[in-house]
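Working notes, structure below.
Every number here is computed from the coordinates shown, using simple stated rules; none is lab data. On a predicted model such as this, the values are computed, not experimentally measured, just so you know. Every residue, glycine as well, gets a Cβ built from its backbone with ideal geometry; the counts of neighbours run over all protein chains shown.
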Amino acid sequence: MREANVALLKRGYQAFGEADLETVRKMGTKDEVWHTLGFGPFRPEYTGPDDVTAYLTELMISSDGTFKSEPETFAADDEDHVVVLEHITATRKGRKLDTHVVHDFRVEDGKIAEVTEYASEPTKIRDFWS
């Protein structure tokens, strides 16, 4: 299960990096929930594949297409969780973002059921999106 869950997320990061949000949308369960930091234009929670895809689209739009998320480390348990350390960068309104976040993914039956987002530098992220 561990290897399959990590492979699922690696495919998801690749699709997001290629702006293939339709593939990302199909990777979520019908009641998928994404818990964000809720800064700037973003709500603290998005529910369902379409809503999650709208969030990911807004990350790209709000950064004029510069938002990048590069996974650095995948750590998985033997059940249903994969934690990913990511390096994120973007530019917006003359400001630059360069920091790390962690996403804790819960996988159910080969699909993403829940994501919880954590920031190494929440103030930096809040200021960037404000």
Would you report the distance distribution of C-alpha pairs in region 2-129 as whole percents per 10 angstrom bin, up to the bin with the largest distance?
13, 47, 34, 5, 0
Percent antiparallel among DSSP beta bridges confined to the chain, rounded to 5, stands at 90 percent
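Report the local net charge at L21: Lys and Arg +1, Asp and Glu -1, summed over other residues whose C-beta lies under 12 Å from its C-beta.
That works out to -3.
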E45-H87 pseudo-label distance in nm [points 7 Å out on the Cα-to-Cβ vector]
3.4 nm
Could you please state, rounded to a whole Å, how far the C-alpha centre of region 1-39 is from the C-alpha centre of region 95-130?
12 Å
Take T57 and R126, extend 7 Å from each Cα along the Cα→Cβ direction, and tell me the distance between the two endpoints in nm.
2.9 nm
Which angle from 0 to 90°, rounded to the nearest 10, does the C-alpha axis of helix 2-17 make with the longest principal axis of the chain?
30 degrees
Taking region 2-129, how many lysine pairs are there with alpha carbons less than 13 Å apart, if each pair must be eight or more places apart or span two chains?
5
